[in-house]
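The values are calculated or read from the model by the stated rules, or taken from the named source; none is laboratory data. Please read all numbers here as calculations on a predicted model, not as lab measurements. So basically every Cβ, Gly included, is an ideal-geometry build from the backbone, and we count neighbours across all protein chains shown.
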Ligand SMILES: Nc1ncnc2c1ncn2[C@@H]1O[C@H](COP(=O)(O)OP(=O)(O)O)[C@@H](O)[C@H]1O
Ligand SMILES: [Mg+2]
C-alpha cells in the first residue's frame, strides 16, 4: 500500500446498497447489497468435516444461500427506510457484519506501517442519535475482535456528504435511494427542521414495474424482485409530459422499443403495442398523483406511503417539485432563493437515461424536476452529480480527509473524530 496521506475509509449505508472502500481505491467504491442472511444452523451439516457454520452471511456469499428461495424471512435488509430500530437485534448484527466484511477486505496486510483507518460512516439525515452511538459501539467491538482496524470514526448525514463532494454550501440536496428520498436544505449543515425523508425511492418504480409485468401476463417474473429491477432499469423512461408521450407513442407505434432482452437473464419481455407503459415507470417516481395512476389505485395498487415529519403529514403521492417547495418553505426566508436555485440530485433513483432519438419526449431527472418546479412558478436549474450512486461515498472520503485531526467528537455539534 502506498499511503496517500490520511488513510480514510468511506462507509455509505444506502437503503439497498452499502458502498465502501478506502481513499486509495479510486473513484468507484465497492458495492454490495445492504443485507444479511441468517442461516438455519443444522446440526447435521455442522458435523460435516471442514464445514464451519456461520451465524450471519453478507456480501456475494448470500446468493449461495438464496438458491433454494426457501426462507426469505431469514434475509434481512436492515435499513430499508434509512433507520435501524433501537431493538432490532438482527438489523444491528447485519450492520456489524457488513462493516467487518468491508474493513477486513481493505485493511492492509502489513500491520507495521498501518495504524488504523480514519473511517467516515454516512447515514440517512433522519438517523436518530442512538444510531450514532450504536455505530461507534460497532466499530469498537470490531476493533476488539479483529485488532485495531479503525483508529478514529466520524459520522455524517448522506446529503451533507453530497454537498461536500459538490463543493456547495447553500443548496437543496435530493438523495434518492432505493427506499426513500431525502429532501434536504443545507446551509453549511443540514437544516434539520426542513428535512423531508420522503417515503419514495427506486423501489416505488419497481412496484409499478411489477404491476405492469403482471398486466402484460408475466406474473411469475413480476414476483422476482431482482428481475423486476432489471426490467425497470432497461425499460423505464421519464416523460417530459406523460399525456403527450402516451399520445405520441400510440400515434407512432414503431418509434418506441417494446421488446426487451433482460440483461443477465435468458428472458425476453414483449410489450407489443403497450410500449407506452414504459413512461409510467419513470413518471410514478416523480409524480404519482398524475391521474393515469387512478386506475391502478382503484384496482388496489397502493400509492407511495405518507411521510410523517414533526407531526405533519406529507402525502405519499406528492410530486417531487411540490415536496421541494414544502421543504424549503420551512427555512428562513432569506436563504430560500438560494436553496431553490441550487438543487442537487444524487442517488441511483435519479439515474434515468434518454435513449437517442427520444430527446423530445423523454427527459433526464434534472429536466423533470425543473419542469415540476416550473409548474408551481419556481425557476430553477437543478443539476445531477456525475455518478449518482457514488457521490455520498466520495463526499465522505473528502470530508474525512480534511476534518481536523485534533477535532474530537462533540455530541452537541455532532461532528469531530471519535478516537478508539
Ligand atoms: N439505470 C437505472 N435506471 C433506473 N434506476 C436505476 C438505475 N440504476 C440504478 N437505479 C436504481 O437506483 C436505486 C439504488 O440507488 P442507490 O443510490 O444505490 O440507493 P441506496 O443508496 O438507497 O442503496 C435502485 O432502486 C436502482 O434500481
Ligand atoms: Mg444512498
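If you go through the stretch 339-363 and keep only what is closer than 25 Å to residue 243 by Cα, more than 16 Å from ligand 2 (Cβ to nearest atom) and part of a loop (DSSP other than H, G, I, E, B), you end up with 352, 353, 354, 355, 356, 357, 358, 359, 360, 361, 363. Only a single item in (1) within 18 Å of residue 175 (Cβ to Cβ); (2) more than 23 Å from the chain's Cα centre (by Cα); (3) part of a strand (DSSP E or B) is not met by residue 330, and it is number (3). Of the residues 138, 160, 221, 174, the single one that is crowded, with 22+ Cβ neighbours inside 10 Å and either in a loop (DSSP other than H, G, I, E, B) or more than 14 Å from ligand 1 (Cβ to nearest atom) (or both) is 160. In the stretch 393-404, the condition of being outside the structural domain of residue 280 (by TED's automatic domain parsing), over 26 Å from the mean Cα position of the chain (by Cα) and not in a helix (DSSP H, G or I) is met by at least one residue.
In the set 340, 372, 345, only one residue is under 17 Å from residue 172 (Cα atoms) and within 12 Å of ligand 1 (Cβ to nearest atom); that residue is 345. Candidates 213, 237, 230, 153: the one that is free of Cβ contacts under 8 Å to residues at least 60 places away in the same chain and either touching a helix residue (DSSP H, G or I) at 6+ places or on another chain (Cβ under 6 Å) or assigned to a strand (DSSP E or B) (or both) is 213. Considering 123, 104, 99, the condition of being exposed (fewer than 15 other Cβ atoms within 10 Å of the Cβ), within 25 Å of residue 31 (Cβ to Cβ) and at pLDDT 95 or above is satisfied by 104 alone. Looking only at the stretch 17-26, residues that are modelled with pLDDT of 95 or more and either within 16 Å of ligand 1 (Cβ to nearest atom) or assigned to a loop (DSSP other than H, G, I, E, B) (or both) come to 5 in all. Of the residues 167, 223, which single one is free of Cβ contacts under 8 Å to residues at least 24 places away in the same chain and under 23 Å from residue 414 (Cα atoms)? So the residue among 167, 223 that is free of Cβ contacts under 8 Å to residues at least 24 places away in the same chain and under 23 Å from residue 414 (Cα atoms) is 167. Scanning the stretch 177-193 for residues that are outside any loop (DSSP other than H, G, I, E, B), surrounded by fewer than 24 Cβ atoms within 10 Å (Cβ to Cβ) and touching a residue at least 60 places away in the same chain (Cβ under 8 Å) yields 187, 190, 192, 193. Out of 237, 308, 242, 280, I need the residue that is within 23 Å of the chain's Cα centre (by Cα), surrounded by 13 or more Cβ atoms within 10 Å (Cβ to Cβ) and more than 16 Å from residue 216 (Cα to Cα). Which one? The conditions single out 237. Residues in the stretch 294-325 that are under 23 Å from residue 348 (Cα atoms) and part of a helix (DSSP H, G or I): 320, 321, 322, 323, 324, 325.
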